[in-house]
Amino acid sequence: MAFEKEIHLEDSKYKYTLSPSIKKYTLKDTTFKETKTGNYELTRNLEFIPNSNDGFLLKITVNKTLDGFKMIITDKSGLRRVNIFDSEENEPLAEKFYFQLDSLIDRNVFTKEEI
């Protein structure tokens, strides 16, 4: 999966783009970890019951030049892509996803546009 300028997850209400004012220290402040290759990575659990270890995994990677990113939601093993926006059963998880991304938008990591 290549780094993209903008990403729209299947069935999501929004598409996300890296903010033009993104800074490396902001990524570190928002708990992105720097990888061995210099990229910045954030992983978050999306769970119905907090700390249950039973849910999905949100993974966001921003490249070291801050001009591209990857975003994926997988099963808890991290091996299979999951769509949390396709059923009403997963609505609480979708709301948690939007909350996580909105907090990153507030910190000028991303911008969003309604589809």
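Tell me which residues, restricted to region 43-59, are part of a strand (DSSP E or B), without any contact (Cβ under 8 Å) to a residue 40 or more places away in the chain and either exposed (fewer than 11 other Cβ atoms within 10 Å of the Cβ) or touching a Phe, Trp or Tyr at 6+ places or on another chain (Cβ under 7 Å) (or both).
Scanning region 43-59 gives a single hit, Gly55.
Kindly provide the set of residues from region 81-110 that are under 17 Å from Val62 (Cβ atoms) and either of a type in the set (A, V, I, L, M) or touching a Phe, Trp or Tyr at 6+ places or on another chain (Cβ under 7 Å) (or both), ordered by number.
Scanning region 81-110 gives Leu101, Leu104, Ile105, Val109, Phe110.
Can you spot a residue in region 69-88 that is within 17 Å of Lys112 (Cα to Cα) and not in a strand (DSSP E or B)?
yes
Run Lys36 past the list (1) assigned to a loop (DSSP other than H, G, I, E, B); (2) under 17 Å from the mean Cα position of the chain (by Cα); (3) of a type in the set (D, E, K, R) and report the number of the one that doesn't hold.
Single failed check for Lys36: (2).
Among the residues of region 19-26, is any touching a residue at least 40 places away in the same chain (Cβ under 8 Å) and part of a helix (DSSP H, G or I)?
Yes, there is a match, as at least one residue in region 19-26 is touching a residue at least 40 places away in the same chain (Cβ under 8 Å) and part of a helix (DSSP H, G or I).
Rule-based calculations on the coordinates, nothing more; no lab input. These numbers were taken from a predicted model, which means no experiment stands behind them. We place every Cβ from the backbone using ideal geometry, glycine too, and count neighbours over all the protein chains shown.
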